[in-house]
Amino acid sequence: MSQRNPGGRPGEAARAAAGRRRWPGPGRRRRWLVTGRRWLVAGRRRRRWLVAGLAGVTVLAVAAGWALVAGRSGPAPTSAPAEATGTATGPGGGRAAPSASPTPRPSRPATGTPGAARPPAPRTITNWAYQLQGYSGGGLDALTRGRYQLAVVDLARDAHTGYFTRAEIGALRRSGKRVLAYFEIGSIEDFRPEYPVLRRDAPDLLANEWPDWPGEYFVHYWDGRWWERVVRPRVDRALRAGFDGVYLDTPLAYEEISLDAAQGRDRARLAVEMAALVVRISRYAKARRPGFLIVPQNSPELRRQRGYTAAIDGIAMEELFYLAMDEPCTRDWCAENLAHTRALRDAGKFVLAVDYAVRADHVRAVCARYRAERFAGTVTVRELDRLTAPCG
């Protein structure tokens, strides 16, 4: 989490005094993203009955209209049967899954592209797009048309159960882009479909709530049940949908989980076990599809853990040069993160850098840094709800 978190976090001063590294991490971005999503999901859940009621009124009105027409001018034309409606039940019979996005239009290859374009080799990528919500029409057409070489999207278009299809991911890939599926491996939000099942059947997998993130919980990611119930099914879904790889968020859980909830583990052991989870994901996915890309976000110091560097194909890094929003990154940990990122680059890993800025001079400056560092980069807004112009 960032030193700039409003109001700080309980115990920050004590941890800093103890010399623990302070991590910018995805906290600032995720606070805006998940809070917005949670509001959106809840709002749509509240509106479900309203929409259903309005739909029923509309059907009755149309029927009455046809009856009036029939009475004046003969039989009404036969219409197709209305699509059956109902409330989807969540996993294990829990609360209903929200319909958090409009019905998507089928994505199409970019206009003017003769046939299918070949996605670039990962180490040749110089720009990318990062969008986790706000997909136009619930689909990926805007990304497909964009001049990006790689795209990161959520495994689910609505952050719940409306998953992107193989056809949609295929269309995006045919426009000449690599596509990575975003999900978390060290924490879980309460709107994710696995959460109510864990809360009911395996509550001991949930650790402490993230203090700055009400409704999000760290997990005992070293427990085999976390792999079986959550991580492996997510990897399997990404494989089935045709993604090029996975974009793994919250490896920083090893630093942020409360030690009181860590079952006697210290930070060193937690780091070892987070690296082991990433290695396990890599071995599992690559055994099923050689070349499947493994890209964790942040925590580049995990490269020091045995097997970690060999297991990953790239590293994604937030806020190497600008903190959200438009604040130059001059803290000690900025230089530390950059040094670890350069070491991974020099070890043959591609780098996906993302900074949060909107001022034109800052955007130009950070794009120039990406070119100088040989990083693939994107400069965007912390809500990650829109596309911005690619660097270069």
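Tabulated results
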quantity: Accessible surface, the range 297-339, averaged per residue in Å² (probe 1.4 Å); calculated: 37
quantity: Inter-part distance where the range 277-293 and the range 162-204 are each reduced to a Cα centre, Å; calculated: 16
quantity: The range 206-217 - phi-based ³J(HN,Hα) in whole Hz, Karplus 6.51/-1.76/1.60, Gly and Pro as x; calculated: 8, 9, 6, 5, 5, x, 7, 10, x, x, 10, 10
quantity: Set of the range 177-201 residues, backbone N closer than 16 Å to the point 7 Å along the Cα-Cβ line of D223; calculated: 185-190, 194-201
quantity: R289 versus R269: modelled label distance in nm, points set 7 Å from Cα along the beta carbon direction; calculated: 3.6
quantity: In Hz, Karplus ³J(HN,Hα) per residue of the range 200-205 (6.51, -1.76, 1.60; θ = phi - 60°; x = Gly, Pro); calculated: 7, 9, 9, x, 6, 6
quantity: Amide H contacts of L293 (H built 1.01 Å from N, under 5 Å, at least 5 apart or other chain); calculated: G245, V246
quantity: Radius 15 Å from Cβ of A343, net charge of other residues (Lys, Arg +1; Asp, Glu -1); calculated: +2
quantity: Cα shape, the range 225-345, gyration tensor, a/c 1.5 rule; calculated: oblate
quantity: F243 accessible area, assembled protein chains, probe 1.4 Å, Å²; calculated: 0
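The values are calculated or read from the model by the stated rules, or taken from the named source; none is laboratory data. Because the structure is a prediction, the values reported are computed rather than measured. All Cβ positions, glycine included, derive from the backbone under ideal geometry; neighbour counts span all protein chains shown. The area values use the complete protein model at the heavy-atom level, side chains included, leaving out ligands, DNA and RNA. Shrake-Rupley method; radii C 1.70, N 1.55, O 1.52, S 1.80 Å.
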